[in-house]
1. What residue, among those in region 12-68 that are closer than 15 Å to Y106 by Cβ and among the charged types (D, E, K, R), is surrounded by the most Cβ atoms within 10 Å (Cβ to Cβ)?
2. Just to be sure before I move on: is K44 out of contact with any helix residue (DSSP H, G or I) (no Cβ under 8 Å at 6 or more places or on another chain) and under 20 Å from D10 (Cβ atoms) in the structure I sent?
3. Where the second residue is at pLDDT 90 or above and among the β-branched types (V, I, T) and the first is under 10 Å from S225 (Cα atoms) and lies in region 195-207, which pairs have Cβ atoms under 8 Å and are six or more apart or on separate chains?
4. Looking only at region 13-30, count how many residues are acidic (D, E) and within 18 Å of N47 (Cβ to Cβ).
5. Might you check whether a residue that is among the small types (G, A, S) and part of a helix (DSSP H, G or I) occurs anywhere in region 234-246?
6. For the structure I just gave you, tell me whether V172 is part of a loop (DSSP other than H, G, I, E, B), surrounded by fewer than 20 Cβ atoms within 10 Å (Cβ to Cβ) and of a type in the set (V, I, T).
7. Among L221, L227, L273, which is part of a helix (DSSP H, G or I), at pLDDT 90 or above, of a type outside the set (D, E) and more than 30 Å from A11 (Cα to Cα)?
8. When you go through (1) among the β-branched types (V, I, T); (2) touching a Leu at 6+ places or on another chain (Cβ under 8 Å); (3) closer than 24 Å to C195 by Cβ one by one for I153, which number turns out not to apply?
Amino acid sequence: MIAYPTEQLDALESRETAARWHEKGLLDDAQWQAVLQHYPAFFKTSNIFLRIGLGFFCLIILSVAMFLSGLLLKPQSELAFSLFFLFWAAVLLFFLEQAIIRIHKYFRNGLDDMTLYVALACLIGGLCSLLPGRIDEVVYSLLSLPILVIAAIRYVDRLLSAAAFCCALSIVVQLVEKVPGVAIYVLPYAGMAFCAAVYLLIKRNDGRRDLRYWRDQFGVLELLSILVFYASGNYWIVQNVTAYLSGLEQPPLDWFFWLFTFAVPAMYLYTGLRRKDRLMLDSGIACIVLSFITFRHYYHLVSLSWAATIGGAVLFALSYAAIRYLRRNTRPFTYEPEGKISILQTAGEYLFEQTIAGDAAAPEKDKTGMGGGAFGGGGAGNDF
């Protein structure tokens, strides 16, 4: 089912876990070296920045190759274009399986990611172009969804998991939107029900040992379900969707969506603190900010500058108080950094380092040297 050797995926997870333990001091150097010898590196992986760079490089190479082959073959009809894209999809998938994964052993390297994405784009584009011109748009989503799901499972790709989630959500939205006179009443609740179903399904299967290879994909789907659930009932989004579909200025049961806008973030915070769920806690903080932005959009109590100043001061005070409390009381929460650094933390550290390096002052010129005088013009200068 998985394109990568499962025993090597287990070894990679063991190495990453041991690396976090070694950073925290739970493993000494001798134990860490023993882990490295027992689980030697098999995959060729890259950090996030090199991965993005290699991905763009691969995209340029594949685009040039497809463009040159298009000039040689010169497809004229829609059928010819469809077969052209399907041919490239087959070639790229074969190259991905046999060369990139089996021979070169690339895993989340950038080259394998972009090759997979281009191959799926050619496959979906080629199949969709074979469909009749006057066909419902939901058919394209129904055709794309199983391809994205199968690819996300086989290649354990997080971006494809997010794409499959968005594709399934678009199917739900398009089907509800086609019901006459019901869309403005049912559409927000359909989005909530879809996200709640995805979240409960993930939580029910998150601890299963046989699904451990897709743990990162579950995290992406959990985050999307949390955020989209809130977005489905956010007053600003519901009001704009209602105005677009029916022209009404106020959505039905507007008081409910105002209550939803502020109650759900509070529920996220409470759930995150009670279950010690970092993802739910961070999502609750982000949704609280969005709730106040939504309120500020309709009710201008103070100017934007004063609102930003007051909000920043409140957040700074809360952060300072929370940090002092967590440093004194380490259970059940702590201020100590987590061993596993996320992609956002890595990007933030990189940008911070580049900013500090870029702002470094240039070396001051020595003004005491005897490099020449400044006696030209109407008067003498003060340099020798």
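The values are calculated or read from the model by the stated rules, or taken from the named source; none is laboratory data. Remember, it's a predicted structure, so these values are computed and weren't measured experimentally. Don't worry about glycine lacking a Cβ; one is built from the backbone with ideal geometry, like all the others, and counts go over all protein chains shown.
1. Filtering region 12-68 for residues that are closer than 15 Å to Y106 by Cβ and among the charged types (D, E, K, R), the one surrounded by the most Cβ atoms within 10 Å (Cβ to Cβ) comes out as R51.
2. Judged against the criteria, K44 is a match.
3. C195/I226; C195/V228; Y199/I226
4. Of the residues in region 13-30, 3 are acidic (D, E) and within 18 Å of N47 (Cβ to Cβ).
5. yes
6. Numbers: part of a loop (DSSP other than H, G, I, E, B): no; surrounded by fewer than 20 Cβ atoms within 10 Å (Cβ to Cβ): yes; of a type in the set (V, I, T): yes.
When the stated conditions are applied, V172 does not pass them.
7. Within the list L221, L227, L273, the selection yields L227.
8. (2)
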